[in-house]
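Visitor: Take this structure, written in structure tokens, and hold onto it; I'll ask about it next.
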């Protein structure tokens with residue numbers, strides 16, 4: 001469905017995010033099937049069609065456990081993802097007294113658009129960077145580097161903050177965190193399957209005849225294809241989720257004078 005205005009654009013973006021999230025979740029099941037296929041190919045002598053049927057039965061049996069494990073992974077990330085991000089980036093929360101200029105710019109933008117002011121964090125780094133994180137109103141935060149604070153004037157910083165607030169208002173931040181979590185599961189499982197294949201898996205088949213090896217080889221090739229497709233699609237979904245509909249909505253957050261600043265620095 002096409003989006004014709006600001007709010008319909010946001011709603012369209014949210015529907016696309018949910019669709020991507022569901023798609024990423026199904027990739028987990030696809031990888032479960034790929035793992036079951038590899039396991040069957042490395043343990044029994046059978047033609048490809050038999051291996052595919054047995055792998056499907058194994059995958060259906062394992063699907064509830066895969067769902068539970070993925071849900072647990074998401075729950076842990078929901079509770080602790082901000083602490084993990086801060087530990088990696090060195091971000092620290094600041095108050096109005098510590099960063100009055102930055103805090104006032106952010107608060108003014110939020111008041112003008114009637115949204116809750118997110119937490120403000122600063123990273124001691126000379127690079128020009130800023131990002132938004134969080135899963136709900138209590139967790140949302142915007143992190144800015146000291147390099148960006150020192151290099152940009154108020155109008156330029158306002159543009160950057162407006163861009164990050166757009167990610168929050170669109171639901172980009174929440175969906176992106178979940179997508180990255182599931183992509184992490186996919187990457188972990190893909191590595192597990194490839195390690196099984198290339199660090200000893202084929203040695204188990206030394207005593208079988210050529211017909212058996214051919215059937216197993218076809219099954220393993222299909223499994224590798226599934227793993228590759230899942231991994232590539234996970235990366236593509238994250239990139240698409242980050243790009244969709246940020247700039248048009250961002251322009252509604254910042255004053256007209258700051259829009260040209262955005263175009264100059266960040267296009």
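Visitor: Over 10 Å intervals from 0, what percent of Cα-Cα pairs in segment 87-191 sits in each interval?
Guide: Bins of 10 Å from zero give 14, 45, 29, 9, 3 percent of pairs.
Visitor: Where does each of 135-147, 57-69 land if you order them by average Cβ count within 10 Å, highest first?
Guide: Details: 135-147: 17.8, 57-69: 13.6.
Ranking, from highest mean packing down: 135-147, 57-69.
Visitor: While we're looking at this one, here's another question. What is the packing order of peptides 218-228, 111-121, 150-160, taking the mean over residues of other C-beta atoms within 10 Å and listing the highest first? Numbers along the way, then the final one.
Guide: Values: 218-228: 19.1, 111-121: 14.8, 150-160: 17.3.
Put in order of decreasing packing, that is 218-228, 150-160, 111-121.
Visitor: Further, regarding this structure: Could you check the spin-label model distance between residue 136 and residue 83? Points 7 Å from the Cα along Cα→Cβ, value in nm.
Guide: Here the modelled spin labels are 1.7 nm apart.
Visitor: Just to be sure I understand the model, the point goes 7 Å from the Cα along the line to the Cβ. What's the resulting residue 57 to residue 229 distance in nm?
Guide: Rounded to a tenth, the inter-label distance reads 2.4 nm.
Visitor: For residue 146 paired with residue 108, estimate the spin-label separation in nm (one decimal), with each label point 7 Å from Cα along the Cα-to-Cβ line.
Guide: 2.5
Readers should treat all values here as calculations from the given coordinates under stated rules, not as data from a laboratory. This is a predicted model, so every value here is computed, not measured. So basically every Cβ, Gly included, is an ideal-geometry build from the backbone, and we count neighbours across all protein chains shown.
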